[in-house]
Protein chains: 4
Amino acid sequence: MERKSGADLKRMIMDTTRKLLVKDGYGNLSMRKIAREINYSATSIYLHFKNKDALCHALIDEGMAMLLSQQNKIARANKGDVFQRLRALCEGYISFGLKYSEYYEIMFLIHPDFENRFPKASYRRARRNLDLFKMTLDEGIKNGQIDSLDTYATTNAVWASLHGAVSILLARRLDFRIDQNHFINNVLDQIVRSVAYKPTTSVL
Amino acid sequence: MERKSGADLKRMIMDTTRKLLVKDGYGNLSMRKIAREINYSATSIYLHFKNKDALCHALIDEGMAMLLSQQNKIARANKGDVFQRLRALCEGYISFGLKYSEYYEIMFLIHPDFENRFPKASYRRARRNLDLFKMTLDEGIKNGQIDSLDTYATTNAVWASLHGAVSILLARRLDFRIDQNHFINNVLDQIVRSVAYKPTTSVL
Amino acid sequence: MERKSGADLKRMIMDTTRKLLVKDGYGNLSMRKIAREINYSATSIYLHFKNKDALCHALIDEGMAMLLSQQNKIARANKGDVFQRLRALCEGYISFGLKYSEYYEIMFLIHPDFENRFPKASYRRARRNLDLFKMTLDEGIKNGQIDSLDTYATTNAVWASLHGAVSILLARRLDFRIDQNHFINNVLDQIVRSVAYKPTTSVL
Amino acid sequence: MERKSGADLKRMIMDTTRKLLVKDGYGNLSMRKIAREINYSATSIYLHFKNKDALCHALIDEGMAMLLSQQNKIARANKGDVFQRLRALCEGYISFGLKYSEYYEIMFLIHPDFENRFPKASYRRARRNLDLFKMTLDEGIKNGQIDSLDTYATTNAVWASLHGAVSILLARRLDFRIDQNHFINNVLDQIVRSVAYKPTTSVL
DNA sequence: GATGAATGAGGATTCATTCAT
DNA sequence: CATGAATGAATCCTCATTCAT
């Protein structure tokens, strides 16, 4: 058995865990399975992670950081137009969910009793990600481009759309007659339309 | 310990299962626990349900039927106005998710590999529920009240919003600074606004 | 695999546990070992005992009951003479410890953190056993045969002697040059002499 | 993290082990815990002790030496009166057991199969400690102060009392209504009375 | 209908220990 | 002198399921 450097094995464990997560779901994740997959003894995992929760926590942290970094980049790259930025952020969120579904499951899809075992701090970071949406909405309100009485609540409603879309896609519950990209575009359109300022009725 | 007739026991099992589901989540549901709870032997459950999957399947079926029946009633009760009906259906969906979270978890929230073990038929029935939304949208288009190029896709986008909202609430991941009802109203508003016809024609 | 009646297996488990207890000590007692010994799966043990603690508890209870019943018998059989009764009770205690060393270990020798997990009630019964000693001493005081300012404390001091003797013998730490029975007799003599009334000094 | 010289680390390991022993008991002692506690790797312990048994052995040896040295001092300090010396030795033994309970547990309380793994020599040294009692008794016999047909056996009976008292106290099994010091005094009284010469000759 | 008896597989962890560096 | 990497065996316990009664 060739010895890896500690960091390598740690990475390997995390990568494998994500792989199993997407294949079997959190409910079927087990330390033994991870060990089997990487051809190490289960005990070895405990050299790098205090326990199963800690391992998942590390994954969540990593996912949160990735998402936040990606969304920050997107926000910076779309400074000009509010709608364009909003749409890009939304698209980014969904893309992230689909591309890193392993992270997404553990970050947003698992049952609350699991969540409760984790330091709240970790989840607070999740909210920082929503702030990017909120800031965009706030800016749009100043511009008169966006219409919302409560951008806190609106941000969360937007998130609901995005989270719902990702969930449906990951659970492969989308009606098979509908093209996935077409669906995503519809979701994005819906979000943008729902926040866009509408002159109550045209003049007279 | 009074013994129930066959049908009664079956009901009892299902009711208890739902109760446990809402208390502990699917991941912690076990045949033994159910048996203990109803003061029957674990074996007895197998007299009524082939196995754990079959029991859950029955629950899903029941949940689907309940949701469909509820939404049908709502649709009939709101024949008049399209927007009112749409909003009522949306509200109904969210209410159902919150009120019957046990059903909702098993119907929509558990991991796909679980779903795969079930007859697709059961899930097809889920889509019938979406048809009510689609019919409403279609009617709105005829009226000129609603704007959608593809009501299939729009229906699913609406569903994404609703499902996302329910998921966030059930997982208790809503920002604690936001009132739950306020959030729900925002989601409903957003949905309605996103499908409402907007005369592009600004002034002049 | 022939099926035993529940009670039979339960007995078998308890008997085997005692056997292992005396062989390997509580620290090395494991459910697996018990199962292996009786040629049943470990799971089967859990059909009869909620967990390891419960199994040990049952053993403790049984041991306490046995000791108490034995000592009661001895007390009744030696109603006449106080010294004779005292000596018989002491002898009985030591005999019990040696004969049922498996019980004795779990009843009196294991570490307090284990004891803490058990209902205090069970240990209160242990004290009832000491009451027989105390009643004997009290009677002797009335007779003028026994000398003690505080029979509570004296009882416990007597117990210390007995418990120490049993512990030393069970741990096989008695000096090999000394015959076991000779040692026991010395302990008994010592106890009796230590409580016997002594005229402070002869007259004159 | 300051590194210690070899001898220092060895001391540190032993001290920490004793600390853990008194906190969690032998059954919960683990090399890893020791290592964690001293901020060294588990492997480091093996540089100084062949294995867990050897570590415990060293502790036992140390404890035996301490006890012997203490008792020697007591004997020397009480050369004058036999009863005073006997009582002081007894008191010393009990005090040692209570004060150095970590040592006492490992020296006298753990299961024989553990003991068997140790060189008998170590335990023989334990007996040397009993010799101090025996010598005192022998001297008392010469004086006519003490009454014993076989001081070997009597010594061991005395030890039984002491060991029993310590065991009961360490296991916190003493009836809560009895004050600890009162109990100890009773045990000491009992020992002294049981060996004191009594003129059988009652009055005339 | 109902159940007691039974199990194999698997769950998370912990342990003492070895070995190459 | 010290350690990081690694493991096999063990720990308790839970689970879904079967089968004879």
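Please treat every number below as a calculation from the coordinates, not as lab data. Just so we're clear, the structure is a prediction, and the values are computed from it rather than from any experiment. When we count neighbours, we look across all protein chains shown, and the Cβ atoms used for this are built from the backbone with ideal geometry, even at glycine.
How would you rank C:I191, D:I146, A:I178, going from fewest to most other Cβ atoms within 10 Å of each one's own Cβ?
So the residues, fewest neighbours to most, are A:I178, D:I146, C:I191.
Taking the Cα centre of the stretch D:137-183 as origin, work out the dipole magnitude from +1 charges on Lys and Arg Cβ and -1 charges on Asp and Glu Cβ, in debye rounded to 20.
In debye, rounded to 20, the stretch D:137-183 gives about 300.
Counting each DSSP H run of 4 or more residues in the protein assembly as shown as -39500 (n - 2.57), what helix-only mean residue ellipticity at 222 nm follows after dividing by all residues, to the nearest 500 deg cm²/dmol?
-23500 deg cm²/dmol
Can you give the net charge of the other residues whose Cβ lies under 14 Å from the Cβ of D:N186, counting K and R as +1 and D and E as -1?
The answer is -2.
Count the net charge of all other residues whose Cβ sits under 14 Å from the Cβ of A:A58, scoring Lys and Arg as +1 and Asp and Glu as -1.
In short, +2.
Filter B:K33/C:K10; C:K33/D:K33; A:K73/A:K142; D:K50/D:K120; C:K120/D:K10 down to the pairs with a C-alpha to C-alpha distance above 29 Å, please.
C:K120/D:K10
Which ordering of A:L162, D:L68 is given by a fewest-first count of other beta-carbon atoms within 10 Å?
Listing A:L162, D:L68 from fewest to most nearby Cβ atoms yields D:L68, A:L162.
Taking the C-alpha atoms of the protein assembly as shown, how large are the radius of gyration and the largest Cα-Cα span, Dmax, in Å?
In Å, with Rg to one decimal and Dmax whole: 38.9, 140.
Per-residue mean of other chain beta-carbon atoms within 10 angstrom of the beta-carbon, peptide D:145-158?
5
Across peptide D:19-29, how many C-beta atoms of other chains are within 10 Å of each residue C-beta, on average?
Counting other chains' Cβ atoms within 10 Å and averaging over D:19-29 gives 2.
Can you tell me the FRET efficiency between D:R124 and A:R32 if r is taken as the Cβ-Cβ distance and R0 is 45 Å, rounded to the nearest 0.05?
The formula returns an efficiency of 0.40 here.
Would you mind working out the magnitude of the charge dipole of chain C relative to its Cα centre, with +1 at each Lys and Arg C-beta and -1 at each Asp and Glu C-beta, to the nearest 20 Debye?
It comes to approximately 500 debye.
Over all residues in B:162-175, what is the mean tally of Cβ atoms on other chains that come within 10 Å of each residue's Cβ?
6
Can you compute the FRET efficiency between C:N185 and D:S69 using 1/(1 + (r/R0)^6), with r the Cβ-Cβ distance and R0 = 22 Å? Round to the nearest 0.05.
Approximately 0.10, to the nearest 0.05.
What does the net charge come to around D:L169 if you take all other residues with beta carbon closer than 13 Å to its beta carbon, with K and R at +1 and D and E at -1?
So the surrounding residues net to 0.
Can you return the aspartates and glutamates within cross-link range of B:K19? Criterion is Cα-Cα under 15 Å, with same-chain partners fewer than 8 residues away left out.
Filter leaves B:E37, B:E62, B:E102, B:E105.
Could you compute Rg(Cα) / (2.2 N^0.38 Å) for the stretch D:56-195, with N its residue count?
So the Cα radius of gyration is 1.05 times the expected 2.2 N^0.38 Å.
For A:A65, which inter-copy label distances result when the label point lies 7 Å beyond Cα on the Cα-to-Cβ vector, reported in nm to one decimal and in ascending order?
5.0, 5.1, 6.1
Packing-wise, with mean Cβ within 10 Å as the measure, how do D:136-144, C:89-97 rank, highest first?
C:89-97, D:136-144
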